[in-house]
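First up is the structure itself, then whatever we jot down about it.
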Amino acid sequence: MMRAALTCAAVAAAIRASTLAAGAQTPVEINFGVISTEASTNQKKNWEPFLQAMSKATGFKVNGFYATDYAGVIEAMRFNKIQVAWYGNKSGMEAVDRANGEVFAQVVSRDGNVGYYSHVIVHKDSPFAKIDDILKCDKSLDFGIGDPNSTSGFLVPTAYIFAAHGIDPKTCFKTVRNANHQANAMAVANKQVAAATNNSEDLQRVATSAPDARSRIKIIWTSPLIPLDPLVWRKDLDPAVKTKLYTFLMSYGRVGTDDEMTTAKHVLADLVWSPFHPSSDNQLLPIRLLEANKTLMKVQADEKLSVDERASQIAAIRAEIAKVEEMQKKADADTFQQRVTAFVDANKAGNQDELKKMIAEFAAGTASTH
């Protein structure tokens, strides 16, 4: 019996091996990761129509992967449990650096913008009217902050508010609670915290899913413009799979019959988006600068470091900042960015033949890089 079991196992292994050899790495299924900006039940309602459209167009069975935190989606890509994901820029940077990820597309907002804003919000009846009002640091206020891998909920307010003022939120506030954007919005609306971080996109989502709650929220701080989110896939994803996914994503909502485009734009609008733009890892460079400057401010204010330790760390961080700034200059002038600009212009003109040609060229480029 044991020999028979071993034989069966060997046959099964041989079948799997021959399938991999013959079909190569073209998977029957693609797992698509979705960062947890709100409750998964809300996300599934808006994401599943989009994933179903992707399945129909590509021929793959596309499964949504909804983790309870950002780290879950990063780690899932690291261990190849997911092959594609929607990230914020901070979590996308972690996926690129630690999970063999690569940025290939950028989200565009429903109104056509490629940027959004981080906010600090309070209840509409709150006496707080500006950010300085909550920075008395007398440990009397409860504060809601985002997931540690969130760009708008954590990195941006940490850099622009707390690091810039030399403030540690944990010693400033009575409590500091990490939560997703929806949970922080509801906590403010229900007076469970005095203030919390959020962003312009997710406040739009709250206005749709919980309009009464949104009406009880006011904004007391707005960040500089943040690049909108990247779509990331694993670098080692089969080129044929990349081509199919890329063609679908860049065509969705801009190529097809009038009815097809109307349906696609409606699905994207439920995600508070419009059709995607081509992108690359260079999209993350402003976030790398922000992260480095946050670290620099933290080191400069760290009184536990000796003079020599502080000087050494500051020099290393400034060298990294200079390196990233040089990369940013090159990225702004490279041919890829010029092609993206031409693509956006063709999209505005509604030239489907030209768009199809450009999408095919972009898709071929992504497939040939690995």
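Within the range 52-90, if we keep just the residues that are within 20 Å of SER251 (Cβ to Cβ) and without any contact (Cβ under 8 Å) to a residue 24 or more places away in the chain, the residue that is surrounded by the fewest Cβ atoms within 10 Å (Cβ to Cβ) turns out to be LYS56.
Taking into account only those residues within the range 138-156 that are over 22 Å from LEU296 (Cβ atoms) and of a type outside the set (Ser, Thr, Tyr), which is surrounded by the most Cβ atoms within 10 Å (Cβ to Cβ)?
That would be GLY144.
Taking the criterion of being aliphatic (A, V, I, L, M), within 15 Å of THR247 (Cα to Cα) and either open to solvent by 40 Å² or more (accessible area, probe 1.4 Å) or not in a helix (DSSP H, G or I) (or both), the only residue of the range 328-363 that qualifies is ALA360. Does ILE321 satisfy the condition of being among the β-branched types (Val, Ile, Thr), on the phi < 0 side of the Ramachandran plot, surrounded by 15 or more Cβ atoms within 10 Å (Cβ to Cβ) and at pLDDT 95 or above? So ILE321 fails the test.
Conditions (1) closer than 20 Å to LEU268 by Cα; (2) in contact with a helix residue (DSSP H, G or I) (Cβ under 6 Å, 6 or more places away or on another chain), marked per residue:
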residue: GLU48; (1), (2): yes, no
residue: ILE74; (1), (2): no, yes
residue: GLY88; (1), (2): yes, yes
residue: GLY101; (1), (2): no, yes
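Only one entry of ALA57, ALA21 meets the criterion of being farther than 23 Å from ARG288 by Cβ, modelled with pLDDT of 95 or more and small (Gly, Ala, Ser), and that entry is ALA57. The sole residue among ARG98, ARG16, ARG3 that is at negative phi, modelled with pLDDT of 95 or more and basic (Lys, Arg) is ARG98. Pairing each residue of the range 276-298 that is touching a residue at least 40 places away in the same chain (Cβ under 8 Å) with any residue that is of a type in the set (Asp, Glu) and open to solvent by less than 40 Å² (accessible area, probe 1.4 Å), provided the two are 6+ apart or on different chains, yields C-beta distances under 7 Å for ASP281/GLU102. Run ILE217 past the list (1) crowded, with 21+ Cβ neighbours inside 10 Å; (2) within 21 Å of the chain's Cα centre (by Cα) and report the number of the one that doesn't hold. It is condition (2) that ILE217 fails.
Those residues that are more than 20 Å from PRO157 (Cα to Cα), at pLDDT 90 or above and open to solvent by 50 Å² or more (accessible area, probe 1.4 Å), I need them from the range 282-305; list them, please. Break it down stepwise before answering.
Let us first name the residues in the range 282-305 that are more than 20 Å from PRO157 (Cα to Cα), namely 282, 303-305.
Keeping just the survivors that are at pLDDT 90 or above gives 282, 304-305.
Scanning the range 282-305 gives ASN282, LYS304.
Filtered by the rule that a residue be more than 23 Å from PRO275 (Cα to Cα) and open to solvent by 10 Å² or more (accessible area, probe 1.4 Å), the range 97-107 gives ASP97, ARG98, ASN100. Is it true that some residue in the range 195-203 is at pLDDT below 95 and in a loop (DSSP other than H, G, I, E, B)? Taking every residue of the range 195-203 in turn, none turns out to be at pLDDT below 95 and in a loop (DSSP other than H, G, I, E, B).
Once the range 157-192 is narrowed to residues that are aliphatic (A, V, I, L, M) and assigned to a loop (DSSP other than H, G, I, E, B), the residue that is surrounded by the most Cβ atoms within 10 Å (Cβ to Cβ) is ALA179. In summary, THR222 fulfils each of the numbered conditions (1) surrounded by 15 or more Cβ atoms within 10 Å (Cβ to Cβ); (2) modelled with pLDDT of 95 or more; (3) under 22 Å from the mean Cα position of the chain (by Cα) with the single exception of condition (1). Of all the residues in the range 162-200, those that are in contact with a helix residue (DSSP H, G or I) (Cβ under 7 Å, 6 or more places away or on another chain), among the β-branched types (Val, Ile, Thr) and farther than 11 Å from ILE121 by Cα number 1. Of all residues in the range 147-176, those that are more than 18 Å from PRO227 (Cβ to Cβ) and modelled with pLDDT of 90 or more have Cβ atoms under 6 Å from Cβ atoms of residues that are among the aromatic types (Phe, Trp, Tyr) and part of a strand (DSSP E or B), 6 or more apart or on another chain, in PHE173/PHE143; VAL176/PHE143. Could you list, in sequence order, the residues of the range 227-268 that are farther than 26 Å from SER200 by Cβ and in a strand (DSSP E or B)? If the condition is that a residue be farther than 26 Å from SER200 by Cβ and in a strand (DSSP E or B), then TRP233, ARG234 are the ones that fit. Taking the conditions (1) within 22 Å of PRO157 (Cβ to Cβ); (2) open to solvent by less than 10 Å² (accessible area, probe 1.4 Å) in turn, LEU135 satisfies each one other than (2). Among the conditions (1) of a type outside the set (A, V, I, L, M); (2) over 17 Å from LEU355 (Cβ atoms); (3) within 20 Å of the chain's Cα centre (by Cα), HIS266 misses just one, which is (3). For the range 204-226, a tally of residues being outside any strand (DSSP E or B), touching a strand residue (DSSP E or B) at 6+ places or on another chain (Cβ under 7 Å) and within 27 Å of SER280 (Cβ to Cβ) returns 2.
The values are calculated or read from the model by the stated rules, or taken from the named source; none is laboratory data. Keep in mind that what you see is a predicted model, and the values were worked out from it rather than measured. With ideal geometry, Cβ positions are generated from the backbone for all residues, glycine too; neighbour counts draw on all protein chains shown. Quick note on the areas: whole protein, heavy atoms, side chains included, nothing else; ligands and nucleic acids left out. Shrake-Rupley method; radii C 1.70, N 1.55, O 1.52, S 1.80 Å.
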